[in-house]
Amino acid sequence: MKIKLSAVAMLATIVSGSAQAAALTDAEATFLDQIVTASVVLEQRCGGYEVDGAGSVRLGARLLGSPDAAMAMIDAYAAAIKARDGESYDPGKFRPEVSEAASKTFRRVRTDLIRNPKRACADYGDASVDLGLLRRY
């Protein structure tokens with residue numbers, strides 16, 4: 001019985017530790033908001049835009065201090081998408097705080113794009129182009 005209780009206590013400690021996700025820094029939150037916004041523009045099929053991967057990494061490097069930090073945030077966002085969709089993902093790249101913040105931004109931007117697609121596509125799409133996350137084709 002002591003073994004079962006110890007295992008349960010250890011599991012509870014692990015789960016509560018992972019549930020206390022670290023907060024995003026201001027720079028991480030800014031970059032995440034920007035990459036989520038750009039991805040929603042593409043997801044909603046706003047015409048005339050495509051991903052600018054190199055531009056995204058450059059922006060992230062400016063905000064976060066290095067290309068590796070930018071790629072880590074992009075990977076964390078990709079893991080959050082896969083986790084939400086029920087696909088397999090690298091648990092080492094998943095960050096609960098990224099998933100939570102990305103979901104909020106995604107819902108807000110998508111709602112705007114559904115309510116007024118023409119205006120919102122232009123606003124969000126052009127802003128993402130200006131930041132270097134998207135490019136026009």
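Go through the range 62-74 and count every residue that is over 20 Å from Ala101 (Cβ atoms) and open to solvent by less than 70 Å² (accessible area, probe 1.4 Å). Going through the range 62-74 one residue at a time, the tally reaches 1. Could you list, in sequence order, the residues of the range 105-121 that are open to solvent by less than 40 Å² (accessible area, probe 1.4 Å) and either under 20 Å from Gly48 (Cβ atoms) or over 21 Å from the mean Cα position of the chain (by Cα) (or both)? Within the range 105-121, Val109, Leu113, Ala120, Cys121 qualify. Can you work out which of the residues in the range 111-137 that are among the polar types (S, T, N, Q) and either part of a helix (DSSP H, G or I) or touching a strand residue (DSSP E or B) at 6+ places or on another chain (Cβ under 9 Å) (or both) is farthest from Gly60 (Cα to Cα)? Ranking the qualifying residues of the range 111-137, first place goes to Thr111.
The values are calculated or read from the model by the stated rules, or taken from the named source; none is laboratory data. Quick caveat, the model's predicted, so the values are computed rather than measured. Note that we place each Cβ from the backbone using ideal geometry, even for glycine, and neighbour counts take in every protein chain shown. For the accessible areas, the whole protein counts, side chains as well, though only heavy atoms, and no ligand, DNA or RNA atoms are used. Shrake-Rupley method; radii C 1.70, N 1.55, O 1.52, S 1.80 Å.
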